[in-house]
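K.L.:
Provided herewith is a single structure, encoded as structure tokens, for subsequent inquiry.
The values are calculated or read from the model by the stated rules, or taken from the named source; none is laboratory data. All figures in this text were calculated on a predicted structure; none of them were measured in a lab. Cβ: placed from backbone, ideal geometry, glycine included. Neighbour counts: every protein chain shown. Remember, those area values only see protein heavy atoms, side chains included, never the ligands or the DNA or RNA. Shrake-Rupley method; radii C 1.70, N 1.55, O 1.52, S 1.80 Å.
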Amino acid sequence: MKLKRLKLTNFRNYDDLDLSFNDGLTILTGENAQGKTNLLEAIFLLSMAKSHRTNIDKELIQWDSESAKIIGEVETKNYEFPLELQFQKKGKVARVNHLDQPKLSLFIGKLNVVLFAPEDLQIVKGSPSLRRKFIDAELAQSHPVYLQELLDYNRILKQRNKFLKDFGHQSNFDELYFEVLTDQLIEKAVSVIKYRQDFIKKLNDYAGEIHYELSNQRDKLTLSYDASSSKLNYDETDTLTEQFQALFKSSIDREKYQATTVYGPHRDDLSFYLNGKLASHFGSQGQQRTIVLSIKLAEIELLNELIGEYPILLLDDVLSELDDQRQHILMSQIEGKIQTFLTTATIEGLQLERLENASIFYIEAGQVTQE
Ligand SMILES: Nc1ncnc2c1ncn2[C@@H]1O[C@H](COP(=O)(O)OP(=O)(O)OP(=O)(O)O)[C@@H](O)[C@H]1O
Ligand SMILES: [Mg+2]
């Protein structure tokens, strides 16, 4: 999959930008705060219809402007089509091949990207929500149905939480209505968990192999999807509905007391083990970095397996975080098969032999010139 051209209008610090790209490596360089990440963010938005940096779309609109627009020309194995996102203060419009999409889920995943940003280095050690976000982003791109199931789950969860908050302490608690909400929630929870479980198993296989090589055949990496309660057994997916029913039944008093839904995929987590030891506790910083690199490279291979072609890779300032050997492995994995956009404050320190065929763009205050 390739991005042939990108046009930005009043997006962040870009007034009016129109760039065409090669199939290989594109390097975006320039000083701090000039717009390098903004440009990657625009490409990411074309994939997910949502920024990786903010939940507030209004922030994407250039200060003092009314609306912002991103247009990308995408080329896949079989098609070439434009993707367009327009942000207004009231909302956003998403178009595929010039047609308005009534639901964002119809837009998301038309362009596939894997983003590797400095904040990803927190995936191993940071909060569980980071890890859930990572899983959800990849699944949403490759399985449109998953995204719809997740949105449904979140909607019902919100309703159920509100109900617990409003009526949990009341004597007129409507048990019957609460049961309906719980059954609806369980149905979506089971679906979300099955997708995630399957995804993590597949990712585990790729990541394990890659990590073994990256660590000079020292470390065996395994991923595990952890349920929100030890009473749930995710290996027995056939009985998940019954497991949840029993769990919710036994935790009703706690839920009423805490006025929130205590169990479910919104509280699940992902753990990384190196040679059987929990990496968030025992892994060194270098090992944790290697894990992140391994799962990013695994994501690329997995998306290729699921979609039938390689995604686009966005590397935001991460090369400098990796030592020479890991830089080398990363670049040799992607060379010649994956269109890559890479930002860096300086080109010095990058492995120069890789730069021969790269196109280099210099960015200064939202203006881009090709070197
Ligand atoms: N809505 C907006 N309108 C205008 N300018 C914006 C808007 N949002 C952000 N900016 C500008 O974009 C700049 C940040 O750009 P960006 O994050 O792309 O920098 P960068 O080149 O990646 O820098 P670094 O090397 O530090 O990561 C901010 O300093 C701000 O001036
Ligand atoms: Mg940046």
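K.L.:
If you scan segment 306-325, which residues turn out to be open to solvent by 10 Å² or more (accessible area, probe 1.4 Å) and farther than 22 Å from G30 by Cα?
P.N.:
Matches in segment 306-325: L306, I307, G308, E309, Y310, Q325.
K.L.:
Something else about it: Any residue in segment 113-132 that is among the acidic types (D, E) sitting within a Cβ distance under 8 Å of a residue that is outside any helix (DSSP H, G or I)? List the pairs, counting only those 6 or more apart or interchain.
P.N.:
Within 8 Å, the pairs are D120/V318.
K.L.:
Sticking with this one: Which of the residues belonging to segment 27-66 are within 30 Å of Q148 (Cα to Cα), open to solvent by 20 Å² or more (accessible area, probe 1.4 Å) and within 13 Å of ligand 2 (Cβ to nearest atom)?
P.N.:
Matches in segment 27-66: T37, N38, F44, H52, R53.
K.L.:
Looking at segment 331-354, which of the residues that are in a helix (DSSP H, G or I) and loosely packed, with under 14 Cβ neighbours inside 10 Å is nearest to ligand 2 (Cβ to nearest atom)?
P.N.:
L352
K.L.:
Among the residues that make up segment 47-57, is at least one of them more than 28 Å from L130 (Cα to Cα), at pLDDT 95 or above and of a type outside the set (A, V, I, L, M)?
P.N.:
no
K.L.:
Within segment 8-26, restricting attention to residues that are assigned to a strand (DSSP E or B) and more than 12 Å from V368 (Cβ to Cβ), which residue is least open to solvent (accessible area, probe 1.4 Å)?
P.N.:
For segment 8-26, the residue satisfying everything is F11.
K.L.:
Name the residues in segment 92-114 that are surrounded by 20 or more Cβ atoms within 10 Å (Cβ to Cβ) and closer than 26 Å to E301 by Cα, would you?
P.N.:
Listed by number, the residues that qualify are F107, I108, G109, K110, L111, N112, V113, V114.
K.L.:
Something else about it: Taking the criterion of being more than 19 Å from D120 (Cβ to Cβ), open to solvent by 10 Å² or more (accessible area, probe 1.4 Å) and touching a helix residue (DSSP H, G or I) at 6+ places or on another chain (Cβ under 9 Å), would at least one residue in segment 284-305 satisfy it?
P.N.:
Yes; the residues of segment 284-305 include at least one that is more than 19 Å from D120 (Cβ to Cβ), open to solvent by 10 Å² or more (accessible area, probe 1.4 Å) and touching a helix residue (DSSP H, G or I) at 6+ places or on another chain (Cβ under 9 Å).
K.L.:
Which one of the conditions (1) touching a Leu at 6+ places or on another chain (Cβ under 9 Å); (2) over 27 Å from S51 (Cβ atoms); (3) not charged (D, E, K, R); (4) not assigned by TED's automatic domain parsing to the domain that holds S230 does L342 fail to meet, given that it meets all the rest?
P.N.:
Evaluating L342 over (1) touching a Leu at 6+ places or on another chain (Cβ under 9 Å); (2) over 27 Å from S51 (Cβ atoms); (3) not charged (D, E, K, R); (4) not assigned by TED's automatic domain parsing to the domain that holds S230 leaves (2) as the failure.
K.L.:
Could you check, for segment 39-57, whether at least one of its residues is farther than 16 Å from V113 by Cα, in the same structural domain as L8 (by TED's automatic domain parsing) and basic (K, R)?
P.N.:
No, every residue in segment 39-57 fails to be farther than 16 Å from V113 by Cα, in the same structural domain as L8 (by TED's automatic domain parsing) and basic (K, R).
K.L.:
Within segment 67-90, track down each residue that is in a loop (DSSP other than H, G, I, E, B), without any contact (Cβ under 8 Å) to a residue 24 or more places away in the chain and not hydroxyl-bearing (S, T, Y).
P.N.:
Those that are in a loop (DSSP other than H, G, I, E, B), without any contact (Cβ under 8 Å) to a residue 24 or more places away in the chain and not hydroxyl-bearing (S, T, Y): N78, K90.
K.L.:
Any idea which residue in segment 355-366 is most open to solvent (accessible area, probe 1.4 Å), counting only those that are within 16 Å of T37 (Cβ to Cβ) and in a strand (DSSP E or B)?
P.N.:
Here the answer is E364.
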